[in-house]
Protein chains: 2
Amino acid sequence: MSNQKLFNVAVVGATGAVGEQIIRLLEARNFPIKELKLLSSARSAGVKLSFKGHDIVVQEATPESFQGVDIALFSAGGDVTKALAPHAVEAGAICIDNTSAYRMDPETPLVVPEVNVDKINEHKGIIANPNCSTIQMVAALKPLYDRYGISRIIVSTYQAVSGAGAKAINEMLRQSQEVLSGNPANPDILPVGSLPVKHQIAFNAIPQIDKFLDNGFTNEEMKMILETKKIMGDESIEVTATCVRIPVVYGHSESVYVELKEDFDIEEVKTLLANAPGIVLVDNPAEQQYPLATDAAGKLETFVGRVRRDLSNPKALNMWIVSDNLLKGAAWNAVQIAEYIAIEQ
Amino acid sequence: MSNQKLFNVAVVGATGAVGEQIIRLLEARNFPIKELKLLSSARSAGVKLSFKGHDIVVQEATPESFQGVDIALFSAGGDVTKALAPHAVEAGAICIDNTSAYRMDPETPLVVPEVNVDKINEHKGIIANPNCSTIQMVAALKPLYDRYGISRIIVSTYQAVSGAGAKAINEMLRQSQEVLSGNPANPDILPVGSLPVKHQIAFNAIPQIDKFLDNGFTNEEMKMILETKKIMGDESIEVTATCVRIPVVYGHSESVYVELKEDFDIEEVKTLLANAPGIVLVDNPAEQQYPLATDAAGKLETFVGRVRRDLSNPKALNMWIVSDNLLKGAAWNAVQIAEYIAIEQ
């Protein structure tokens, strides 16, 4: 990216779990930055964060924060995006939003670069970053969709606590130590911070991520269902999701059953996956090699394994998809979008 | 069970995780026992175990151990069953086997009492106890099968380490403490004790339970597929399984997608489940109530929740099934079978 335009970049939610990863990625990727503005709530303003060896003081995010900003990366919650992104757009910034605020807005592209990078240019100021559990699944399914078509997806997730933020990580580690010491877990945050009932996550599996809707699905499950159709650009894909939180720190795992529209050769499927951008095939049962959350943590790619022909449906196959939910599932997908914008300009 | 015949009962594998639960259940259920014989490998022989306030010395299991035994409960591994069960049968004992040795033998009934109790009487000396992950699923699906028929099941499991024995529990707890202390996990046992590659189970999800077959499925997954058809007595049911070990001590959870043969009313489904033997419906999303492994641990029932109509297939529904894998998934199902035998005689 030498001899290239430099950008004024703002990170909104700079002190959060995803914001922190965004800053590290902008640094590691040597993103063409003129000035980096770190923004947060009033509560965290004044904190100093390091970027390329320099300290940057975090400022309170306000409607006036975006003067001169070219690219603003939002990950401070849907309410903050709704309150501030329109001001950022008015100030001329392109917003890459990691919240659910604009994902299903028909005017807003919902982008996973490996799947629908062409949608980036259709933006009207805001580009939405999909839900973490959706991103890794569509990235892995895209090569199969292009070759065979997909009629149905049934997914069950094994999601890391980091998806619920830094407090949930601390909660899970604290509970684990309590239980190992013979004490009660005293759950305080999960499954949903804003709801009254808390459940133990240490040494447990909680089949609730986000709030329930009247149809019995959770918001997280509906995100997987609706966002998959929008990102793939195909409302005919039938999707069922069950989203479960398990005691893992980083890395969402997914058990995915896929029905294709055409007959397939399972070795060709593996080759397509091995050659797909952003995908690493880890699939050698004889050597007990398959993707693991602990291996995916800290990596940018999406890892796919356990690829096998279904025994009951000749057009179906099963797979196991793992990725770091804070990276490809959030910060890295957002920075990837920012890199495409930078290259285009 | 007063004024009833008393039985000479043998527990083979008395010092193991399941054997221990069998002894506790025989005690708690006040099983009509004349003499209780506790058997194990030569290594554990001599250990004293308590039963109803008395110590019983564990003896080495040999072909001669079964003289006078009426009911022998085996849970010492498939090899032990294959070596000793024929001798027990010859000595006149009815064997209830918790291993996979005879499960798919056409001559051997494979029994979950809530599903096919009538098969018990067809035994020729051996009655097989199904795999833990299969038992809780078929127990929960039986009322739906009877009312609507079932064409397809797609299940992803969240299985506790206790399913791999007491050593795996210790391994997971030890690894958890190591990781919390900032040390490497040093995996030593899981996923499969007899295979060379070991993976960290603490704060991870391992998509391998038992060995892989050439078709890419594991033995555990094939057990769920084949045993479900046999127990339901319906080879036409299509089953797909992905079996995953997670860092939970007791209690397997299962995300199950079911296609029924007939249209259904979701409230009727919940009523059928609530009234089914051995099933507890825990399904109140508004109050964040659903089955949890930590709640199921130590209980005899199978807990079902997250029951919801599928959004893409009008004949399908989704559910979350949880049960204690050492109890309903092993020891309790075996003792239930023993109770039916005792009542019949």
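Considering (1) outside the structural domain of B:Pro247 (by TED's automatic domain parsing); (2) more than 21 Å from B:His252 (Cβ to Cβ), say which one B:Val115 fails and leave the rest.
The single condition B:Val115 does not satisfy is (2).
All but one of (1) assigned to a strand (DSSP E or B); (2) surrounded by fewer than 23 Cβ atoms within 10 Å (Cβ to Cβ) hold for A:Tyr145; state the number of the condition that does not hold.
(1)
Restricting segment B:246-300 to residues that are among the aromatic types (Phe, Trp, Tyr) and more than 8 Å from chain A (Cβ to nearest Cβ), which is most open to solvent (accessible area, probe 1.4 Å)?
Within segment B:246-300, the match that is most open to solvent (accessible area, probe 1.4 Å) is B:Tyr250.
Would you check if B:Lys34 is open to solvent by 30 Å² or more (accessible area, probe 1.4 Å) and out of contact with any helix residue (DSSP H, G or I) (no Cβ under 6 Å at 6 or more places or on another chain)?
When the stated conditions are applied, B:Lys34 passes them.
Regarding B:Val138, is this residue open to solvent by less than 20 Å² (accessible area, probe 1.4 Å), touching an Asp or Glu at 6+ places or on another chain (Cβ under 9 Å) and either at pLDDT 95 or above or not in a loop (DSSP other than H, G, I, E, B) (or both)?
Yes.
What about B:Asp234, is it acidic (Asp, Glu), buried (at least 19 other Cβ atoms within 10 Å of the Cβ) and within 16 Å of B:Thr134 (Cβ to Cβ)?
So B:Asp234 does not fit the description; no.
Taking A:Gly77 and the conditions (1) on the phi > 0 side of the Ramachandran plot; (2) open to solvent by 50 Å² or more (accessible area, probe 1.4 Å); (3) not hydrophobic (A, V, I, L, M, F, W, C), which numbered condition does it fall short on, given that it satisfies the others?
(2)
For segment B:201-231, how many residues are open to solvent by 20 Å² or more (accessible area, probe 1.4 Å) and more than 11 Å from every other protein chain (Cβ to nearest Cβ)?
Residues that pass the stated criteria total 4.
Quick check: is even one residue across segment A:158-166 at pLDDT below 95, on the phi < 0 side of the Ramachandran plot and surrounded by fewer than 19 Cβ atoms within 10 Å (Cβ to Cβ)?
Yes, because at least one residue in segment A:158-166 is at pLDDT below 95, on the phi < 0 side of the Ramachandran plot and surrounded by fewer than 19 Cβ atoms within 10 Å (Cβ to Cβ).
Look at segment B:121-135 and say how many of its residues are in a helix (DSSP H, G or I) and over 16 Å from the mean Cα position of the chain (by Cα).
2
So which residues in segment A:308-327 are open to solvent by less than 20 Å² (accessible area, probe 1.4 Å), under 20 Å from B:Ile225 (Cβ atoms) and more than 7 Å from every other protein chain (Cβ to nearest Cβ)?
Of everything in segment A:308-327, those that are open to solvent by less than 20 Å² (accessible area, probe 1.4 Å), under 20 Å from B:Ile225 (Cβ atoms) and more than 7 Å from every other protein chain (Cβ to nearest Cβ) turn out to be A:Ala316, A:Leu317, A:Met319.
Please give the number of the condition A:Thr240 fails out of (1) facing another protein chain (nearest Cβ under 10 Å); (2) open to solvent by 40 Å² or more (accessible area, probe 1.4 Å); (3) among the hydroxyl-bearing types (Ser, Thr, Tyr).
(2)
Working only within segment B:100-116, note down all residues that are open to solvent by 20 Å² or more (accessible area, probe 1.4 Å) and either of a type in the set (S, T, N, Q) or within 16 Å of the chain's Cα centre (by Cα) (or both).
The answer is B:Ser100, B:Ala101, B:Tyr102, B:Met104, B:Glu114.
Would a scan of segment A:276-285 turn up a residue that is closer than 17 Å to A:Val138 by Cβ, of a type in the set (Asp, Glu) and modelled with pLDDT of 95 or more?
No, every residue in segment A:276-285 fails to be closer than 17 Å to A:Val138 by Cβ, of a type in the set (Asp, Glu) and modelled with pLDDT of 95 or more.
Restricting attention to helices (runs of 4 or more DSSP H) lying wholly within segment A:1-120, give those where 1 or more residues are among the hydroxyl-bearing types (Ser, Thr, Tyr) and at pLDDT 95 or above.
A:78-90
Counting only residues that are within 7 Å of chain A (Cβ to nearest Cβ) and farther than 17 Å from B:Ser162 by Cβ, which one in segment B:172-200 is surrounded by the most Cβ atoms within 10 Å (Cβ to Cβ)?
Applying the filter and picking the extreme gives B:Gln200.
The values are calculated or read from the model by the stated rules, or taken from the named source; none is laboratory data. Keep in mind that what you see is a predicted model, and the values were worked out from it rather than measured. Cβ atoms come from the backbone with ideal geometry, glycine included; neighbour counts cover every protein chain shown. Accessible surface areas use protein heavy atoms only, side chains included; no ligands, DNA or RNA. Shrake-Rupley method; radii C 1.70, N 1.55, O 1.52, S 1.80 Å.
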